[in-house]
């Protein structure tokens with residue numbers, strides 16, 4: 001009886017293994033049949049995202065930021081990326097596609113000095129800005145004229161301080177400013193009695209160089225990757 005039970009277990013085990021092998025074989029055949037169709041999907045280009053198509057680019061990178069510190073760091077990393085491509089690879093800025101996304105709490109970095117002079121104290125509080133950035137925020141966008149990274153910069157490293165919004169815009173960097181967050185910020189400033197639509201329009205008319213309002217930062221993040229941009233999440 002013991003031997004019978006042992007033989008039965010072996011038979012059942014073998015059957016399971018054989019059945020599994022058949023299932024794998026069947027699945028493999030089905031996957032091969034369906035593979036081309038499944039892998040043939042491609043995103044559909046949308047006209048509103050055409051700004052991401054920069055002809056002649058050899059490499060593309062998007063830096064995603066959603067906090068006060070993250071927005072500042074995104075500019076530093078974008079500056080490093082462009083510098084190394086020029087110094088080590090011999091590539092000019094126009095051969096690179098570089099986008100910085102300002103969304104969530106990083107969104108106000110997309111507005112110019114006039115907006116920060118008017119609403120900067122509120123921006124700084126919400127974005128948890130500290131030190132020199134918080135002081136500058138009362139009158140200016142702190143990333144349009146940031147404090148030097150190294151002061152003075154060592155010889156040969158002067159580029160490290162060329163990391164302002166204006167500096168990078170001059171090299172062709174685009175700044176995607178979240179439209180949803182812009183609407184929400186306008187609503188918070190307006191409160192129950194103010195004109196949120198007027199404030200939103202004011203923000204959209206006062207963007208930093210190289211910036212554009214996108215429907216949402218998260219959609220810009222998706223579309224950039226669909227257009228061949230590698231992603232660096234900054235925070």
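Observations, loosely collected:
- Amide N proximity, the stretch 121-146 versus residue 184 label position 7 Å along Cα-to-Cβ, cut-off under 13 Å: 127
- In terms of surrounding Cβ atoms within a 10 Å radius of their Cβ, 214, 173 rank from fewest to most as 173, 214.
- Cα pair count fraction exceeding 19 Å, expressed as % - the stretch 58-233: 55
- Using a Förster distance of 22 Å, the FRET efficiency for residue 80-residue 130 (Cβ separation, nearest 0.05): 0.45
- Between the stretch 181-195 and the stretch 95-163, the C-alpha centres lie 23 angstrom from each other.
- The stretch 153-235 - Kirkwood radius from inverse mean 1/r over Cα pairs (Å): 15.0
- Given R0 = 35 Å, the distance between the Cβ atoms of residue 42 and residue 205 translates into a calculated FRET efficiency of 0.45.
Bear in mind that the values in this text are calculations on the coordinates, not laboratory data. Quick caveat: nothing in here was measured; it's all calculated off a predicted structure. Cβ: placed from backbone, ideal geometry, glycine included. Neighbour counts: every protein chain shown.
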